[in-house]
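J.: Supplied in structure tokens, the structure appears directly below.
The values are calculated or read from the model by the stated rules, or taken from the named source; none is laboratory data. Owing to the predicted nature of the structure, the values given are computational and were not obtained by experimental measurement. Counting neighbours? That spans all protein chains shown, and the Cβs are built from the backbone with ideal geometry, glycine included.
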Amino acid sequence: AQSVTQPDIHITVSEGASLELRCNYSYGATPYLFWYVQSPGQGLQLLLKYFSGDTLVQGIKGFEAEFKRSQSSFNLRKPSVHWSDAAEYFCAVGWTYKYIFGTGTRLKVLA
Amino acid sequence: SAVISQKPSRDICQRGTSLTIQCQVDSQVTMMFWYRQQPGQSLTLIATANQGSEATYESGFVIDKFPISRPNLTFSTLTVSNMSPEDSSIYLCSVLGTGQETQYFGPGTRLLVL
């Protein structure tokens, strides 16, 4: 069965530190891959997406993600975290219009 | 990307009552989706709403509990019927973007059932 795993439920980083959020998926082919962010009391905002081509994709707010086919991973990175990045981050995989979401990683940023 | 609004943004309801949530998009879209996000959980797809046809429900969700309307290409409603405290969740609508691969989400409706 298709699945999405975000192994880190909570991550705490200091402001200015680098960040990597992990996402692994299970599927027979390469699906569409997405990262969304949900700030407290808000809906989901699309950070970036991967369909094909260059495996390093750039998104909004200084985020990037790298698709690694051999590891079935799509990890999200940011070189320097800002306090406003504190939120919950969801990885999603899609096949046509059907999405499966990971369980989310809650990011806390220390001043 | 589409601009999506939802009403109400939040509500507190008594058990046994029903609540209708509205989702409005600023452009015509083919497919709209309704999700549930239970406290501390990820998103679960309730159903896909296409204009002019019956909604398609995912396993575990039934029309009697979550009736959906899709009267045109910019609007949809989800009703949560005969509510119980277990229905306390965030309900989100989403739409497919013009490329038909990316979903864009509304701000959500936060429902608390007492």
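J.: In segment B:57-77, which residue that is surrounded by 13 or more Cβ atoms within 10 Å (Cβ to Cβ) and under 27 Å from A:Trp35 (Cβ atoms) is nearest to the chain's Cα centre (by Cα)?
T.: Among them, the one singled out is B:Ser76.
J.: Looking at segment B:3-21, is at least one residue without any contact (Cβ under 8 Å) to a residue 60 or more places away in the chain, out of contact with any Ser or Thr (no Cβ under 6 Å at 6 or more places or on another chain), among the hydrophobic types (A, V, I, L, M, F, W, C) and within 21 Å of A:Gln38 (Cα to Cα)?
T.: Yes, there is a match, as at least one residue in segment B:3-21 is without any contact (Cβ under 8 Å) to a residue 60 or more places away in the chain, out of contact with any Ser or Thr (no Cβ under 6 Å at 6 or more places or on another chain), among the hydrophobic types (A, V, I, L, M, F, W, C) and within 21 Å of A:Gln38 (Cα to Cα).
J.: For segment B:19-54, which positions are surrounded by 12 or more Cβ atoms within 10 Å (Cβ to Cβ) and small (Gly, Ala, Ser)?
T.: B:Ser27, B:Ser42, B:Ala47, B:Ala49
J.: While we're on this one: Identify the single condition in (1) touching a residue at least 40 places away in the same chain (Cβ under 8 Å); (2) touching a Pro at 6+ places or on another chain (Cβ under 8 Å); (3) more than 11 Å from chain A (Cβ to nearest Cβ) that B:Gln51 does not satisfy, given that it satisfies every other one.
T.: All conditions are met except number (1).
J.: From the set of residues in segment A:89-111 that are modelled with pLDDT of 95 or more and over 19 Å from A:Ser3 (Cα atoms), which is farthest from the chain's Cα centre (by Cα)?
T.: Checked segment A:89-111; the qualifying residue farthest from the chain's Cα centre (by Cα) is A:Leu110.
J.: Can I ask one more? Grab the strands (runs of 3 or more DSSP E) fully contained in segment A:8-111, keeping just those with 1 or more residues being within 23 Å of B:Gly40 (Cβ to Cβ).
T.: A:10-14, A:19-21, A:24-26, A:32-38, A:44-50, A:73-78, A:87-95, A:98-101, A:105-110
J.: Let me ask something else. Taking B:Ser1 and the conditions (1) surrounded by fewer than 17 Cβ atoms within 10 Å (Cβ to Cβ); (2) out of contact with any Pro (no Cβ under 6 Å at 6 or more places or on another chain); (3) away from chain A (no Cβ under 13 Å), which numbered condition does it fall short on, given that it satisfies the others?
T.: B:Ser1 satisfies every listed condition except (3).
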